[in-house]
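Q: Supplied in structure tokens, the structure appears directly below.
The values are calculated or read from the model by the stated rules, or taken from the named source; none is laboratory data. None of these values were measured; they are calculated from a predicted model. Glycine gets a Cβ as well: all are built from the backbone with ideal geometry, and neighbour counts include every protein chain shown. When the accessible area is computed, the model is the full protein with side chains, heavy atoms only, and any ligands, DNA or RNA have been set aside. Shrake-Rupley method; radii C 1.70, N 1.55, O 1.52, S 1.80 Å.
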Amino acid sequence: EFLEGVDTVNDFIGRVLKSKEKNKEWRNQLEKLALEIGKILGKLHEAGIIHGDLTTSNILVERDQFEGDA
């Protein structure tokens, strides 16, 4: 299913890394994404929710939340 403005983490990281020559904020974007995923996973674990198959291919992110001009 296609969702407008949404990428998997894997696709988002790939786009950011491909654009790093012209995107000076690429490290900050990836750091922000990693920290946010960590916070959310921590909240899930605190609530007793464990995901057995969490990968960069099955986590969705809104592009505009983590990227500037990537």
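Q: Between ASN10 and LYS39, take the C-beta separation as r, use R0 = 30 Å, and let me know the FRET efficiency to the nearest 0.05.
A: Details: r = 20 Å, r/R0 = 0.65.
Efficiency, rounded to the nearest 0.05: 0.95.
Q: Just the number please: accessible area per residue for the chain, 1.4 Å probe, all protein chains included, in Å².
A: Values: 5390 Å² over 70 residues.
Result: 77 Å² per residue.
Q: Okay, moving on. Angle check, please: helix 9-18 long axis (alpha carbons) against the longest principal axis of the chain (alpha carbons), in degrees 0 to 90, nearest 10.
A: Once rounded, one gets 20 degrees.
Q: Residue-wise, which Karplus ³J(HN,Hα) couplings in Hz belong to region 29-36, taking 6.51 cos²θ - 1.76 cosθ + 1.60, θ = phi - 60°, and x for glycine or proline?
A: Values per residue, Gly and Pro as x: 5, 5, 5, 4, 4, 4, 5, 5 Hz.
Q: Now for a different question. Using only protein heavy atoms and a 1.4 Å probe, report how much of THR56 is accessible, in Å² to the nearest 10.
A: Counting only protein heavy atoms, THR56 exposes about 60 Å² to solvent.
Q: Quick one: putting +1 on the C-beta of Lys and Arg, -1 on the C-beta of Asp and Glu, what dipole do you get for region 1-58 around its Cα centre, in Debye to the nearest 20?
A: Working: 9 positive and 10 negative charges, 79 e Å.
Dipole size: approximately 380 debye.
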